[in-house]
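The values are calculated or read from the model by the stated rules, or taken from the named source; none is laboratory data. Source: prediction; values computed, not measured. Backbone-built Cβ (ideal geometry, glycine too); neighbour counts: all protein chains shown. Heavy atoms of the whole protein, side chains included, go into the accessibility calculation; ligands, DNA and RNA do not. Shrake-Rupley method; radii C 1.70, N 1.55, O 1.52, S 1.80 Å.
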Amino acid sequence: MSWQSYVDEHLMCDIEGQNQRLTAAAIIGHDGSVWAKSEKFPALKGTEITDIMKDFDSPGHLAPTGLHLGGVKYMVIQGEPGAVIRGKKGAGGITIKKTAQALIFGIYDEPVTPGQCNLVVERLGDYLADQGLQNTLPLSNSTTRNQGKFRKKKKKMSWQAYVDDHLLCDVDGNHLTSAAIIGHDGTVWAQSSNFPQLKTEEISGIMNDFSEPGSLAPTGLFLGGTKYMVIQGEAGAVIRGKKGTGGVTVKKTNQALIIGIYDEPMAPGQCNMVVERLGDYLIEQGL
């Protein structure tokens, strides 16, 4: 696939089926060479790329001056030292993911949320890392350490470890309420201690919705007897549900269902990111 295709089909994709897209995106080499970009991505100026690279090498470098891109200044907010830089400007912002050879840029504005931008940019960055463009810098915070192990993993890993280390990982100080990996036949491969006991008809209903998208809409999605209102997902791939201040994301792989349940203060986008990232990885492994 060409670099331009990665920008057009992945970074500028319809996010979560809601007809929302990044404002602009690009893949740029560490030396500032533009590998691919969207039409509206700004022309880079002066030392902007140099300063961004310095912040990856020495986290906090940009904090006093802000992050500049195409002459526009963004206030630097919490990222992942050495791996992700995030910036904010008014109702919009920017996410930059570093791989060993490139920088993945995503610029957004309302109604796209920061979490949606993070999801799109970091998911592509993680995928490119899996293909050999892996970040070689040390990983410092708990989430980044988990991601590093996730990307490098070649040896066999227990299903319970996938739940404990990845689905229940720290996401900006928040965690899923519960999570599980369940076979298409309803067999529990691994689960967190408080994951609800599922009924046979609940798994059947979920599998039916993947085969016939929309089948759960009239009745709702049930997990352990709890009803979730079905909201916009990705037909045949992801089912999402909402209940009060919380909800659920179910990602289908070739052999399993990855299920994450959340409540405030975790955001829906954070739950989607955690569940779908693991699901995408397992699909790449043929699972």
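With a ≥ b ≥ c taken as the square roots of the eigenvalues of the C-alpha gyration tensor of the range 18-106, please select rounded if a/c is under 1.5 and otherwise prolate if a/b is larger than b/c or oblate if it is not? Before the final figure, lay out each step's value.
On the way: a/c = 1.42, a/b = 1.15, b/c = 1.23.
It comes out rounded by the Cα gyration axes.
On a 0 to 90° scale, report how tilted helix 142-152 is relative to the longest principal axis of the chain, with both axes built from alpha carbons and the result rounded to the nearest 10.
Value to nearest ten degrees: 80.
Under 10 °C and 1.306 mPa s, how fast does the chain diffuse according to Stokes-Einstein, given a Kirkwood radius computed over C-alpha pairs? Answer in µm²/s, whole number. All intermediate terms of the calculation are to be shown ahead of the outcome.
Working: Rh = 19.6 Å.
The calculation lands on 81 µm²/s.
Contact order normalised by length for the chain, with contacts defined as Cα pairs under 8 Å and 6 or more residues apart; what percent is it?
Numbers: 531 pairs, mean separation 33.6, N = 287.
The normalised contact order for the chain reaches 12 percent.
Return the single residue from V120, V112, V72 with maximal mean-square fluctuation; model: Gaussian network over the chain, springs between Cα atoms under 10 Å.
In this elastic network of the chain, the residue with the biggest mean-square fluctuation among V120, V112, V72 is V72.
Over the range 27-92, how many pairs of lysines fall under 20 Å by alpha carbon, counting only those 8 or more apart in sequence or from different chains?
13
Rounded to the nearest 10 degrees, what's the angle between the helix 200-211 long axis and the longest principal axis of the chain, both from Cα atoms, 0 to 90?
Taking the Cα atoms of the chain, the angle to 200-211 is about 50 degrees.
Given Cα positions, please report Rg to Rh for the range 2-59, the hydrodynamic radius being the Kirkwood one.
Working: Rg = 13.2 Å, Rh = 12.7 Å.
Result for the range 2-59 is an Rg/Rh of 1.04.
Angle between the Cα long axis of helix 268-284 and the longest principal axis of the chain, 0 to 90 degrees, nearest 10?
80
What distance in nm lies between label points placed 7 Å from Cα along the C-beta direction at T50 and D14?
So the two model labels end up 4.4 nm from each other.
Before rounding to the nearest 500, sum -39500 (n - 2.57) across all DSSP H runs of length at least 4 in the chain and divide by the residue total; then give [θ] at 222 nm in deg cm²/dmol.
Numbers: 5 runs with 67 residues, N = 287.
Value at 222 nm, helices only: -7500 deg cm²/dmol.
Using the Kirkwood radius built from alpha carbon pairs, what does the Stokes-Einstein equation give as D for the range 215-287 at 4 °C and 1.567 mPa s, in µm² per second?
Numbers: Rh = 12.4 Å.
Stokes-Einstein gives a translational diffusion coefficient of 104 µm²/s.
Give the accessible area for W3 in Å² (nearest 10); use a 1.4 Å probe, count only protein heavy atoms, and leave out ligands, DNA and RNA.
About 80 Å², ignoring ligands and nucleic acids.
Please report the spacing between the Cα centers of the range 1-47 and the range 162-188 in Å, no decimals.
Between the Cα centres of the range 1-47 and the range 162-188 lies a distance of 31 Å.
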